[in-house]
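What follows is one structure encoded as structure tokens, with my remarks underneath.
Values in this text are rule-based calculations from the coordinates and carry no lab data. Please read all numbers here as calculations on a predicted model, not as lab measurements. For neighbour counting, all protein chains shown are included, and Cβ atoms are generated from backbone atoms with ideal geometry for every residue, glycine included.
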Ligand SMILES: C[S@@+](CC[C@H](N)C(=O)[O-])C[C@H]1O[C@@H](n2cnc3c(N)ncnc32)[C@H](O)[C@@H]1O
């Protein structure tokens, strides 16, 4: 049964998070900013190396686990990378609070949680509605780079993107993976699959998904 006091507390917490994220975006993103984005950046190994190799790109990594963001920020500070930011945020909330004129040029989603059980598939991030919202923030020619060691997740993601109104899957081998740096989960994986998708332009108006 619903507890009205707890629901009100939860809604208030979400509003606080939205306000904090908007303030964070305002600090990081200049007007009409274009950025390179990583969802589920973990301890920041990949994006720190990427940002070092691409000093002119603004790079933003997000993760829902605060302790991972803290470690990633320490890595960023040790390397004194002024073009790199790590933000403690859930992906849908991050998208929902982005300024209207901010777009990404590259999005990396590397070894996302696979949620192998059928009844847990709803928790996967590579879902059609989420990918539509992501596409609405894709700048011209933007690419999505997805990598996983869980073959059924790769197959499902390829099927979702292939049928998607906002994305084209780039044929295997037609484009190089833009930057290699082993992630923590990649180091543990005996093998993995990679997929590149291109956003269709212009993106259709996205459905407004409010994060729960
Ligand atoms: C399996 S780990 C992979 C970490 C890193 N990409 C790697 O390859 O080592 C998945 C990461 O995604 C984060 N994550 C899961 N769902 C998320 C979401 N909705 N928004 C942001 N981060 C999320 C988790 O906290 C975790 O750090």
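In plain terms, the chain from residue 121 to residue 70 could stretch by 15.5 nm, reckoned as 0.36 nm per residue minus the Cα-Cα distance. Which of the three applies to the stretch 82-146, rounded, prolate or oblate, going by the alpha-carbon gyration tensor with a ≥ b ≥ c and a/c under 1.5 meaning rounded? It is prolate, given that a/c is not under 1.5 and a/b is the larger ratio. Counting beta carbons within 10 Å around each of 37, 167, 115 and listing the fewest first gives the order 115, 167, 37.
Distances between every pair of Cα atoms in the stretch 4-199, grouped in 10 Å steps from 0 to the bin holding the largest one, split as 8, 35, 39, 16, 2, 0 percent. Would you mind getting the Kirkwood hydrodynamic radius of the stretch 126-196 from its Cα pairs, rounded to one decimal in Å? The Cα-based Kirkwood calculation yields 13.2 Å. Look at the alpha carbon pairs under 8 Å that are at least 6 residues apart: their mean separation over the length of the stretch 55-147 gives a relative contact order of 29 percent. For 41, 105, 194, the sequence from fewest to most other C-beta atoms within 10 Å is 194, 105, 41. Annotation: the residues 160, 134, sorted from fewest to most other C-beta atoms within 10 Å of their own C-beta, follow the order 160, 134. Using only Cα atoms, what Kirkwood radius does the stretch 67-120 have, in angstroms? Result for the stretch 67-120 stands at 14.0 Å.
Stretched out straight at 0.36 nm per residue, the stretch from residue 177 to residue 198 would grow longer than its current Cα-Cα span by 6.3 nm.
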